[in-house]
1. Work out, step by step, the length gained on full extension between N429 and E119: first 0.36 nm times the residue separation, then minus their alpha carbon distance; give nm to one decimal.
2. Of K165/K506; K15/K291; K66/K325; K275/K364; K275/K376, which sit over 32 Å apart, Cα to Cα?
3. I need the shape label for region 406-510. Rule: rounded when a/c is under 1.5, else prolate if a/b > b/c, else oblate, with a, b, c from the alpha carbon gyration tensor.
4. Just to confirm a number: summing +1 for Lys and Arg and -1 for Asp and Glu over residues other than N485 whose beta-carbon lies under 14 angstrom from that of N485, what do you get?
5. When you count, for each residue, the other Cβ atoms within 10 Å and take the mean per peptide, how do 467-480, 136-149, 208-221 rank with the highest first?
6. Compute the distance from the alpha-carbon center of region 1-72 to that of region 471-510, in whole Å.
7. With +1 on each Lys and Arg Cβ and -1 on each Asp and Glu Cβ, how big is the dipole of the chain about its Cα centre, in debye rounded to the nearest 20?
8. Which trypsin sites (Lys or Arg not before Pro) in region 353-416 pass both tests, a DSSP loop state and at most 16 other beta-carbon atoms within 10 Å?
Amino acid sequence: MGYLLGIDIGTSGTKTCLFCYNGELVTSAYAEYPMLQPQVGWAEQHPEDWWIAARQTIQMIFKQSKINPSDIKGIGLSGQMHGLVLLDRDGKVLRPAIIWCDQRTGKQVEWMRDSIGTERIIDLTSNTPLPNYTASKLLWVRDNEPNIYEKIHKVLLPKDYIRYKLTQEFATEVSDASGTLLLNVASRTWSSEMVELLGFEKKWLPEVRESNQISGTVSKLAAMETGLSEGTAVVGGAGDQAAGAVGNGIVKAGVISASIGTSGVVFASTDEIKKDPLGRLHSFCHAVPGKWHVMGVTQAAGGSLQWFRNHFGIAEMELAKTLQKNVYDIFTEKAMMVKPGCEGLVFLPYLMGERTPHLDSFAKGTFVGITSRHGKEHFIRSIMEGVAFSLKDCLSLIDDLKVANSEIRISGGGANSLLWRQIFADVFNQRIHRIHANEGPAFGAALLAGVGTNVYSSVEEACSQTVQYYDSVEPNGEFVERYENYYTIYKELYFNLYETFASLHKLAVR
């Protein structure tokens, strides 16, 4: 029997999953690591923590499954996008990785807009400059850490650092490379002109390939460290959103994904490039050869609920341990006690700034409408509703581009909550399907590995053979109009507060 391995380098931790060719999960393993926030708006991680977690979870897979390592046909990689990993000539990491949600690069974004021009950048890369992109972070290092900048030999994305550790190859693939602001998304190749305009060296960039192509094989050293078989094929894989889309079968026009992980994403596959003229949506290469996708991103979706858990959910976490339950199930039970709309409490999920639709790194998380009647259960539900409103912002922009929308599939950790799924159905006023694929990006990465090693003839075939429906939720007509009224207020709040957000940011960083 043969197997496929998917490894997802997430923001909170690394998940490694072993699958049969029919898509059945054999076993999975997860290892967490911290996110460093040395200053307001900063977010960093140590790449070595990712590698330690990858090694640990691979070893756990073998311990749990007891399979022969040689039975793994291929390995697919997925991971958080936009991160900046810098290596010197010896392959040593030069500084902690600046990850996707970091917001320190406002000055560098303004420099790009002023010196190159937003329209020109969109023409070259199909996207507008944002603080999240890898290029913005690399400019920040140039401006603030010249002693590091002068030592750069290679620039890698998070999952591609793990590829390097597994194979000793410097490579990436088109979906993740799209999020660097250095790729010509239309031609699916590095943009030599953009690289030159920014003053970077093209030799710093790894070779870019399609997501289903083999990029290397497991080295002797990596085999010794992980238990993998030397020579096992490592396929390109994809950025977490494109990999998650493959895992949910979002590989044709008309099927849209709403994902609730640390961030929240609305993702639609397209047969040609679709560009938002204001750059509020991302236009990236899909992990499916010859296809592209558009997506809107909420910086803190599940991350908002995680923030609330960490700081205000101590009692619930203790109760969860006692009852041997998931703390989020306890949160859901509390939230179900509250009527839709939370009696006038509205949450803006801008804990890490915001990307879609506001492109505002200074935006702040906000509760509006607090009264003495509101308890913890109201705050929990208002977070769920605020995230749904934020993803509706994303969906509305996709609809404005005339992208087909015949079906919405929901995924990510937040999709495990029936209440949250119902809130999304009511806010979107559309049936919500859940796919029997809880392993998200790791599953998509494994399917891409299967295509690259000829287990499947194409990504579309891989999805048709393995992706299955789990259940569906219909919108509740009683609550659709109520949520529409709250959504109208939600949209107004940002424009009423954005100047205040900027003023607060200036005070916070003094």
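1. Numbers: separation 310, 0.36 × 310 = 111.60 nm, distance 3.47 nm.
That works out to 108.1 nm of additional length.
2. On the way: K165/K506 40 Å; K15/K291 27 Å; K66/K325 28 Å; K275/K364 27 Å; K275/K376 41 Å.
K165/K506; K275/K376, as the Cα separations exceed 32 Å there.
3. Values: a/c = 3.42, a/b = 1.58, b/c = 2.16.
Verdict is oblate for region 406-510.
4. -3
5. On the way: 467-480: 14.2, 136-149: 17.9, 208-221: 19.9.
Ranked from most to least packed, the peptides come out as 208-221, 136-149, 467-480.
6. So the separation of the two Cα centres works out to 35 Å.
7. Numbers: 49 positive and 56 negative charges, 137 e Å.
Around 660 debye, computed over the chain.
8. Values: sites: R355, K364, R373, K376, R381, K392, K402, R409; in loops: R355, K364, R373, K402.
Filter output for region 353-416: R373, K402.
Read-outs: derived from the displayed coordinates by stated rules, not from any lab. Given the structure is predicted, the values throughout are model-derived calculations rather than measurements. Neighbour counts run over all protein chains shown; Cβ positions are idealised from the backbone, glycine included.
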